[in-house]
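Here's the structure we're looking at; comments come further down.
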Amino acid sequence: MMDEGSEMDDNADDVMEDDDDAHNLTHDGGDTPFDELPLLEQFADESLELIIKKYGGDTLEMSLISLPRTIRLMSACSGSGCFELATHAALCEINRRFKRFRMENQDTDPFHFKVSTSFLCEIVPNKQKFLLEHVIKHQVETEEETPCLFENIINLNDGETRRCIVHSAACELDRFDPKKGDADDLSIFAAGFSCKSFSKMNINFTELRTALADQKECSSLATFRGVLHIVRECRPRIVLLENVDSIDSSVGQSDSSDKEAKSNLQVVLTQISELGYSCRAEKLKASEYGVPQRRTRYYFVCVRQNGGSALSEPADLLVERIMDRVLSLRRECRHNPDYFLLPDSHGLVQIELNRRVSKKKDGEAKDKAAWPEQHSALAEKYGVQWPLQPSKELASSVWYDVLPDREKEVLCFVNIMNERITNVDDKIQYVDISQSATRLPTSTRGSQVTPTILPGSKLWHVGRKRLLLGTELMALQGLPMTEFPENILTTLSQKQCADLAGNMFAVPCVMAVVMSALSTLRFETYSEEEELDAVASSMQKWCKS
């Protein structure tokens, strides 16, 4: 789904749309239909397929054969581990295709990437538990060392208070050692930092920069300072950051004391740049990368400038090429929202419904008293009598019956809106009933997307007349819990899954960044003559195949 501002850059110099050589590594189909593959495999397959078709298989192999075989990962405040899981899926897809290709051409040269996670950082207990059970445990099976899980990013620079949950000790950060160098190091650090101080509600960039410098106590600023500390100490080659799209909100006037800064976005870019990184930030829409959700976020790609002679191109050029490639991977969403939802008869759906029925019988906290006056005024605006009464169809829904009164009335307002819309495609299909009736996030049938999933979101499917589960919200972010081990329900409740979904990265966006970085970076492991010989040899084998 493309809007006017999201056309692909089809004129890039290195794009190869219809080169026959670009298809030697493409998806082989196999016995499993694409739509039945695990979701992470679908995202990895789509991203790699587009890179091969657009930029050529020979260009891809030249980059990949030069990279270190171990990709070192670090992350903070991701909660879901989607960065680690997406990177692992990306490397598995690369390994699979190149293994098949080399076997077909009787090439015995080893080509296998693996992931080595240095550490993760997460302060929320239930998210820590999820990372331990479904990310760290999974990675331990393929790694020599167990990753650290630090519990508070704010304390990482304090040896007395820094604590690793895995090892029950004040483990050291995987700090960069300039004496050892990094000719064979490919490290990527990913983080999402609290957005309150960087939102459009706080757009005084001079005060923001002063607060950062003065170590002002604020959760958002403290988290960002923790991110900067990791970048400063660990010196990852690639930094990936994510934040709200309103971070680019401007104060509207230049401040006389800081005439260069125009927005909080620029404050973040400046802070990272001052640590020796070339940076670029772009808005990415989740619906343009594989999940039908109206979620737009800023993604920052940063490449360390003092990379020595390890990289074949300067950081300024690499960061532009990586982000250009990310933008070139935009595509129409293959699936509509219903693809990510469970059948209404599914056991998880029934378990959550029964839980809500029992909770209602036990009694719930009363709604805030302010909404009746607001709803009465809104009903008068629509020319209907208040209090509102549900339609027979809506009243027959058990899911409707377990809702608080305010949320019931919100759905009555949605029914009124739909009754006045004549075009079927323009009727509301999804609505976030956690929000006020005067500013409801909705999406229509024709849009084939859901509203943005936020912490605390309660998405209602108008057609199915039920709430979406937390596990379904995570699937709409690209991380389907139904593909995890069955003990997932002992780790997180549906409410906790919903909170995790509201805070996590959109997985296919992360996948696009990781794939773009891996396919763009090139390490100087060959002389020019050796590199040309290697490429010529590969091209001969591909032609024979």
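Key figures for this structure:
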item: Inter-residue pairs, beta-carbon under 9 Å, first within 19 Å of ALA183 (Cα to Cα) and in region 309-328, second of a type in the set (S, T, N, Q) and part of a helix (DSSP H, G or I), 6+ apart; result: GLU313/THR520; LEU318/THR520
item: Options PHE113, PHE119: the member that is modelled with pLDDT of 85 or more and either open to solvent by 10 Å² or more (accessible area, probe 1.4 Å) or touching a helix residue (DSSP H, G or I) at 6+ places or on another chain (Cβ under 7 Å) (or both); result: PHE113
item: Test: GLU151 is of a type in the set (D, E, K, R) and modelled with pLDDT of 80 or more; result: yes
item: Meets criteria (of a type in the set (A, V, I, L, M), within 22 Å of the chain's Cα centre (by Cα), modelled with pLDDT of 95 or more and open to solvent by less than 50 Å² (accessible area, probe 1.4 Å)) for LEU275; result: no
item: Among (1) under 30 Å from ASP45 (Cβ atoms); (2) open to solvent by 40 Å² or more (accessible area, probe 1.4 Å); (3) in contact with a helix residue (DSSP H, G or I) (Cβ under 7 Å, 6 or more places away or on another chain) - the single one ARG464 does not satisfy; result: (3)
item: Failed item, numbered, when VAL424 is tested on (1) closer than 14 Å to LYS458 by Cα; (2) surrounded by fewer than 17 Cβ atoms within 10 Å (Cβ to Cβ); result: (1)
item: Region 218-267, subset among the hydrophobic types (A, V, I, L, M, F, W, C) and farther than 28 Å from CYS171 by Cβ, residue modelled with the lowest pLDDT; result: VAL251
item: Residues within region 429-461 that are open to solvent by 10 Å² or more (accessible area, probe 1.4 Å), of a type outside the set (Ser, Thr, Tyr) and not in a loop (DSSP other than H, G, I, E, B), tallied; result: 1
item: Single unsatisfied condition, TYR299 versus (1) in contact with an Asp or Glu (Cβ under 6 Å, 6 or more places away or on another chain); (2) of a type in the set (Phe, Trp, Tyr); (3) open to solvent by 10 Å² or more (accessible area, probe 1.4 Å); result: (3)
item: Which numbered condition LEU411 fails, given (1) without any contact (Cβ under 8 Å) to a residue 60 or more places away in the chain; (2) assigned to a loop (DSSP other than H, G, I, E, B); (3) over 26 Å from the mean Cα position of the chain (by Cα); result: (2)
item: Residue within region 128-139 that is in a helix (DSSP H, G or I), polar (S, T, N, Q), open to solvent by 20 Å² or more (accessible area, probe 1.4 Å) and at pLDDT 90 or above present; result: yes
item: Verdict on LEU317 being more than 27 Å from the chain's Cα centre (by Cα), at pLDDT 95 or above, not acidic (Asp, Glu) and not in a strand (DSSP E or B); result: no
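Yes/no per residue for (1) of a type in the set (A, V, I, L, M); (2) in a loop (DSSP other than H, G, I, E, B); (3) over 28 Å from ALA517 (Cα atoms):
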{"site": "GLU282", "(1), (2), (3)": "no, no, no"}
{"site": "VAL291", "(1), (2), (3)": "yes, yes, no"}
{"site": "GLU313", "(1), (2), (3)": "no, yes, no"}
{"site": "GLU332", "(1), (2), (3)": "no, yes, no"}
{"site": "GLU352", "(1), (2), (3)": "no, no, yes"}
{"site": "LYS360", "(1), (2), (3)": "no, no, yes"}
{"site": "GLN374", "(1), (2), (3)": "no, no, yes"}
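The values are calculated or read from the model by the stated rules, or taken from the named source; none is laboratory data. Quick caveat: nothing in here was measured; it's all calculated off a predicted structure. Because the Cβ atoms are built from the backbone with ideal geometry, glycine has one as well, and the counts that use them run over all protein chains shown. For the accessible areas, the whole protein counts, side chains as well, though only heavy atoms, and no ligand, DNA or RNA atoms are used. Shrake-Rupley method; radii C 1.70, N 1.55, O 1.52, S 1.80 Å.
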